[in-house]
Amino acid sequence: MKIVANDYTAPEIIRIIREWTELSQKEFGKTVHRSERGIQAFELGERNYSLQTLLQIANTHGITITIEKKGK
């Protein structure tokens, strides 16, 4: 599956990744050393996450983050 991250908000991206894993917020949190409440906060936009956190989550779950420059 593939998404264009520019089409989503940061909270939506975390939720999409979690849904791809088919894990609950609690289970997902355990895999990335975050609490269930921490994952909820990311998904609700109550807490921002760093690029480093996103990369950790992606690497843990076999997801590739690609940055591509659009042609002129």
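The label-point distance for residue 40 and residue 8, in a model that sets each label 7 Å from Cα toward Cβ, rounds to 2.1 nm.
Among the chymotrypsin sites (Phe, Trp or Tyr not before Pro) in segment 1-48, those located in a DSSP loop and surrounded by at most 15 other Cβ atoms within 10 Å of their own Cβ are 8.
With every protein chain kept in place and ligands, DNA and RNA left out, what is the accessible area per residue of the chain? Probe 1.4 Å, answer in Å².
75
Site-free segments of the chain were taken between GluC sites (Glu not before Pro) in DSSP loops having at most 13 other Cβ atoms within 10 Å, sites themselves excluded; the longest one is 23-45.
Which value, in debye to the nearest 20, gives the size of the charge dipole of the chain about its Cα centre, when Lys and Arg are +1 and Asp and Glu are -1 at the Cβ? Mind dumping the intermediate values first?
On the way: 11 positive and 9 negative charges, 51 e Å.
Computed charge dipole of the chain: roughly 240 debye.
Pick out the long, greasy-scoring helices in the chain: whole DSSP H runs spanning 15 Å or more along their own axis by Cα, mean Kyte-Doolittle at least -1.0.
Values: long enough: 10-21 (17 Å, 0.05).
Helices meeting the criterion: 10-21.
Cross-link reach is defined here as a Cα-Cα straight distance under 19 Å, omitting same-chain residues fewer than 8 places apart; for residue 69 the aspartates and glutamates meeting it are 7.
The values are calculated or read from the model by the stated rules, or taken from the named source; none is laboratory data. Source: prediction; values computed, not measured. Don't worry about glycine lacking a Cβ; one is built from the backbone with ideal geometry, like all the others, and counts go over all protein chains shown. These accessible areas exclude ligands, DNA and RNA; they are computed on the full protein's heavy atoms, side chains included. Shrake-Rupley method; radii C 1.70, N 1.55, O 1.52, S 1.80 Å.
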